[in-house]
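These notes concern the structure reproduced below.
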Amino acid sequence: MSVSVGSSLISIAFIPYLGAAFLFPPALAMSVVGLTVFVVEALVRRKPWIKVVFNTAKEVLAVGLGGAVYVLLGGHPSVSEFQYTIPAVLGAGVAYSAVNSMAVSLAVSLTDGPGFGEAWLGIYGGSMIYDLFATPIPAVLAYLYVRWELGGLVALTVPLFIVRHIYVQNLRLEQSNRELLDLMVKQVELVEPYTSGHSKRVAQYARTLAKEAGIHGKQVDQIATAALLHDVGKVYEEYAPLLRKQGTLTPEERKLLESHPVRSAELLMTITSLRGPVEKSVRHHHENFDGTGYPDGLAGAGIPIGARIIMIADTLDAMTTDRPYRDALPFESVLEEVRRHSGRQFDPHLADLVMRSPAIRRLVAAQTLSPAESEQLTPVGLTNRRSVGRERAAV
């Protein structure tokens, strides 16, 4: 069972598991928890056997180490008398969390590709405070059981299940809203068919660029999410004629189209988890580094880093895909445009990363070069700055 904290899912099953370490000797606690996890995972949830084995082993090791640390620091596991020390309780909680987080992060890094540190930050970085404050709860559970037996368990577990139910309902509502936004993005791309897949490609550029810029964990996910949803406001009907128009936009039409970052941000504000960094990155993804962009004329470091990343990612995809009025630009032309607009439209540091980072250059090359040509890439230098022509599709 799990609840939502930020973008992470945090299990509350640790409460009875770690509570067992306070009531039983380590070996017995490991046996009780191992059998419980195995039955729940295999028979109730019917998970694949590899997950059953992994989750069972993970919890057994975590409870075993937590129980050992509890005893080592002066705790006395017993079902008849609860004798503890604060260091023992906290130490057991830290040991239990360490085994769990390291095991899951290692599994994710081996199967999904990110490094161990990046996986750990992405999964557990937002839950560290939760872990710290939740550690005493299993000790309270053990105390109530020793004091009032089953009555004590009911007194603690019923409120926990109520809290869990509320969190699960909120999580489902958030997920439904996210799915609705994804549908809106697809609808925008149906109206503007030549940008099919644009949002996903921008998200891929943004994620890679964020990592190359030294950003980690949850912030990378927020930037990628903002990139995926950066044009969602174009779903409003007033933009449809502008998106279908083949000719040049009039000044009035361009002004209307330039309102889409604000409309997009307003949509994201309806979802609690997207308020803050995600919403701000979307609102400001057309702010130029020199302050000449829109909607608020922000400049330099005053522009959220996510917005600066999306600005360059959005433009990269616009330049590397075919449009009704021109073909995709060649690879070297794309790099030349990035070089020319550094410091005016683009953050110079991010522009430099595009020019020098093999990972980003490979993404650009994948859109513009043959596989054989892509393999021959070498970093190039970065020179000066001028302003990129603002294409309607990248508005």
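We did not get these values from a lab; they are worked out from the coordinates using the rules stated. Values in this document were obtained by computation on a predicted structure and should not be read as measured data. Note that each Cβ is placed from the backbone with ideal geometry, even for glycine, and that neighbours are counted across all protein chains shown.
Structural remarks
- Under 5 Å between amide hydrogens, built in the peptide plane, is the criterion, and for residue 342 it picks out 386 among residues at least 5 positions away or on other chains.
- Only Lys, Arg (+1) and Asp, Glu (-1) charged, at Cβ; the range 229-300 dipole about Cα centre in debye: 160
- Listed peptides 93-102, 356-365 by packing density, highest first (mean Cβ within 10 Å): 93-102, 356-365
- Computed packing ranks the peptides 207-219, 308-320 as 308-320, 207-219, most packed first, by mean other Cβ atoms within 10 Å.
- Our estimate of slack between residue 94 and residue 13, defined as 0.36 nm per intervening residue step minus the Cα-Cα distance, is 27.6 nm.
- Between the range 30-55 and the range 263-278, the Cα center-to-center distance that results, in Å: 38
- Measuring against 24 Å, Cα to Cα, the residue pairs 211/280; 200/234; 51/186 contain 51/186 as the ones spanning a longer distance.
- Likely footprinting exposure, 120, 49, fewest C-beta neighbours within 10 Å first: 49, 120
- Leading residue at positive end of dipole, the range 274-318 (Cβ point charges), from 274, 301, 289: 274
- In terms of other Cβ atoms within 10 Å, 234, 200 run from fewest to most in the order 200, 234.
- In a simple Cβ point-charge model (Lys, Arg +1; Asp, Glu -1; nothing else charged), the range 277-325 has a dipole of about 80 debye relative to its Cα centre.
- For residue 47, a cut-off of 24 angstrom between C-alpha atoms picks up these lysines, skipping any fewer than 8 places away in its own chain: 58.
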